[in-house]
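J.: Submitted below is the structure of interest, expressed as structure tokens.
The values are calculated or read from the model by the stated rules, or taken from the named source; none is laboratory data. Just so you know, these numbers come straight off a predicted model, no measurement behind them. Don't worry about glycine lacking a Cβ; one is built from the backbone with ideal geometry, like all the others, and counts go over all protein chains shown. For the accessible areas, the whole protein counts, side chains as well, though only heavy atoms, and no ligand, DNA or RNA atoms are used. Shrake-Rupley method; radii C 1.70, N 1.55, O 1.52, S 1.80 Å.
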Amino acid sequence: MSDEITLTLPDDWHLHVRDGAALFSVVPDTARRFGRAIIMPNLRPPVTTVAEAEAYAGRIREAVPAGVAFEPLMTLYLTDKTRPEEIERAVASPRVHAVKYYPAGATTNSDAGVTDLARTFDTLAVMEDHGLPLLIHGEVTDPAVDVFDREAVFIDTVLIPLLQRFPRLRVVLEHITTRQAVEFLLATEDHIAATITPHHLLLNRNALFTGGIRPHHYCLPVLKREAHRQALLEAATSGNPKFFLGTDSAPHARAAKESACGCAGIYSAHAAIELYAEAFAEAGALARLEGFASRHGPAFYGLPHNTETITLRREPWTVPERLPFGEEELVPLRAGETVGWRLV
Ligand code: DOR
Ligand code: ZN
């Protein structure tokens, strides 16, 4: 197996960078590894208008290190009240590339999300007409549904009916975690795609309980059984352009994670492409990493792929125990442990 791999500069198609001082802690990690990133709009308050998204893009750009070219690709947060006119403005904006659908209460900062999808049908119809992608957090919120089943139930009870109503709607099912999601994707047309995170490729749900409860491995959708991880690894390394890179790197202060009610989110931006290289190497599929990381996403979003390259070398390095996070600190994925690949 080769010890060095050069890739077209990748992009991250699902990223949380927060706001304010935190931007200066986390944006450089992504900007060093990726040309562009789809920026999640789940701030408090959420980014619901094009004007807010453009202002947020400006704040993100200020946190990009000098001499580094990095472009934030902005999204709007879909609410019950999002009007078709806002979608028209989004389509006209060179900064806004998608709309994010959080079922209300599904995850971090999703309380302003959609309470009843029927309330958004006029808006979705305009998105369908313009080809503006809908990025979906695909989990039902019904507390009666087992937390490990919420993605599979969402596909059957929400997503399939949605696509029947809007058959041309461009959709990215974000951070898929199950074999059912992979099978669903394989049975759909090309305008339905999915992102896969590094943590769902590398960890199964045992990682939540190794030697005790492990809050830094808690995210949503929650880690699943090994059989699901295997299905994701197969999908990511298959070469199928429906599957592409989206880290869902989601930084939280250490105290907010190490708590009696710790919040969901895993920070991976400090080693994102290196972790994907590990997963692909494990599967003997390093030659497929470039498609997944650098080609399939731009093709789906109708953007050119990057022209620069990055090189990764098989050379272990130790991840710091903590990283700065604004005035606080965070615990990154693999804290105090090694990552097998290094950015040259
Ligand atoms: O684990 C997660 N964290 N899942 C999400 O959907 C949101 C994210 C966050 O914003 O922290
Ligand atoms: Zn996310």
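J.: Under the condition of being surrounded by fewer than 24 Cβ atoms within 10 Å (Cβ to Cβ) and among the aliphatic types (A, V, I, L, M), which residue from region 64-77 is farthest from Ala37 (Cα to Cα)?
T.: Ranking the qualifying residues of region 64-77, first place goes to Ala66.
J.: Can you go through Ile60, Ile38, Ile5 and tell me which one is within 16 Å of ligand 1 (Cβ to nearest atom) and over 21 Å from Leu134 (Cα atoms)? Explain how you work it out, then say what you get.
T.: Values: Ile38 fails: over 21 Å from Leu134 (Cα atoms); Ile5 fails: within 16 Å of ligand 1 (Cβ to nearest atom).
Exactly one of Ile60, Ile38, Ile5 is within 16 Å of ligand 1 (Cβ to nearest atom) and over 21 Å from Leu134 (Cα atoms), namely Ile60.
J.: Return a yes/no flag: does region 146-164 have any residue that is in contact (Cβ under 8 Å) with a residue 12 or more places away in the chain, aromatic (Phe, Trp, Tyr) and within 18 Å of Gly105 (Cα to Cα).
T.: yes
J.: Within region 265-344, which strands (runs of 3 or more DSSP E) (wholly inside it) include 2 or more residues that are in contact with an Asp or Glu (Cβ under 8 Å, 6 or more places away or on another chain) and open to solvent by 20 Å² or more (accessible area, probe 1.4 Å)? It would help to see each step written out before you state the result.
T.: Numbers: elements: 309-318, 323-325, 328-330, 338-343.
The strands (runs of 3 or more DSSP E) meeting that bar are 309-318, 338-343.
J.: Within region 89-110, can you find the residues that are under 14 Å from Leu134 (Cα atoms) and of a type outside the set (Ser, Thr, Tyr)? Give the derivation first.
T.: Here is the first cut: in region 89-110, the residues under 14 Å from Leu134 (Cα atoms) are 90-91, 96-103.
Those that are under 14 Å from Leu134 (Cα atoms) and of a type outside the set (Ser, Thr, Tyr): Ala90, Val91, Val96, His97, Ala98, Val99, Lys100, Pro103.
J.: Something else now. Can you pull out every residue in region 115-135 that is in contact with an Asp or Glu (Cβ under 6 Å, 6 or more places away or on another chain) and either closer than 15 Å to Thr75 by Cβ or of a type in the set (Asp, Glu) (or both)?
T.: Residues of region 115-135 in contact with an Asp or Glu (Cβ under 6 Å, 6 or more places away or on another chain): 115, 119, 135.
Selection gives Leu135 alone.
J.: Okay, next question. Has region 4-15 got any residue that is more than 30 Å from Ala287 (Cβ to Cβ) and either open to solvent by 20 Å² or more (accessible area, probe 1.4 Å) or aliphatic (A, V, I, L, M) (or both)? Before the answer, list the steps.
T.: As a first pass, look at region 4-15 and keep what is more than 30 Å from Ala287 (Cβ to Cβ): none.
Checked against the condition, which is being more than 30 Å from Ala287 (Cβ to Cβ) and either open to solvent by 20 Å² or more (accessible area, probe 1.4 Å) or aliphatic (A, V, I, L, M) (or both), region 4-15 yields no hits at all.
J.: Among the residues of region 8-35 satisfying the criterion of being assigned to a loop (DSSP other than H, G, I, E, B) and away from ligand 1 (no atom under 16 Å from the Cβ), which is nearest to Gly246 (Cα to Cα)? Steps first, answer last, please.
T.: Just the residues of region 8-35 that are assigned to a loop (DSSP other than H, G, I, E, B), to begin with: 9-11, 16-20, 34-35.
Now restrict to residues that are away from ligand 1 (no atom under 16 Å from the Cβ): 9-11, 34-35.
Numbers: Leu9: 14, Pro10: 10, Asp11: 8, Phe34: 11, Gly35: 13 Å.
Result: Asp11.
J.: Hey, does region 260-268 have a residue that's at negative phi and free of Cβ contacts under 8 Å to residues at least 12 places away in the same chain? Steps first, please.
T.: Step one: of region 260-268, the residues at negative phi are 260-264, 266-268.
If we keep only those that are free of Cβ contacts under 8 Å to residues at least 12 places away in the same chain as well, we get 260-261.
Yes, region 260-268 has at least one match.
J.: Name the residue, out of Ala21, Ala98, Ala63, Ala53, that is more than 17 Å from the chain's Cα centre (by Cα) and farther than 18 Å from Pro251 by Cβ.
T.: Numbers: Ala21 fails: farther than 18 Å from Pro251 by Cβ; Ala98 fails: more than 17 Å from the chain's Cα centre (by Cα); Ala63 fails: farther than 18 Å from Pro251 by Cβ.
One residue alone meets the criteria, Ala53.
J.: To continue, here is another question. Out of all the residues in region 99-112, is one or more away from ligand 2 (no atom under 16 Å from the Cβ), open to solvent by 40 Å² or more (accessible area, probe 1.4 Å) and modelled with pLDDT under 95? Steps first, please.
T.: Just the residues of region 99-112 that are away from ligand 2 (no atom under 16 Å from the Cβ), to begin with: none.
No, the conditions are met nowhere in region 99-112.
J.: Of everything in region 78-98, what is surrounded by 21 or more Cβ atoms within 10 Å (Cβ to Cβ) and in a loop (DSSP other than H, G, I, E, B)? Give them in sequence order.
T.: Leu78, Thr82 - these are the residues of region 78-98 that are surrounded by 21 or more Cβ atoms within 10 Å (Cβ to Cβ) and in a loop (DSSP other than H, G, I, E, B).
J.: Return the pair list, or none, for Cβ contacts closer than 8 Å from residues in region 26-55 that are within 23 Å of Pro10 (Cα to Cα) to residues that are part of a helix (DSSP H, G or I) and within 14 Å of ligand 1 (Cβ to nearest atom), at least 6 apart or on different chains.
T.: Within 8 Å, the pairs are Val26/Ala269; Asp29/Ala269; Thr30/Ala269; Arg33/Ala269.
J.: Report whether or not His252 is crowded, with 16+ Cβ neighbours inside 10 Å and either assigned to a helix (DSSP H, G or I) or away from ligand 2 (no atom under 16 Å from the Cβ) (or both).
T.: Values: crowded, with 16+ Cβ neighbours inside 10 Å: yes; either assigned to a helix (DSSP H, G or I) or away from ligand 2 (no atom under 16 Å from the Cβ) (or both): no.
For His252, the condition - crowded, with 16+ Cβ neighbours inside 10 Å and either assigned to a helix (DSSP H, G or I) or away from ligand 2 (no atom under 16 Å from the Cβ) (or both) - is not met.
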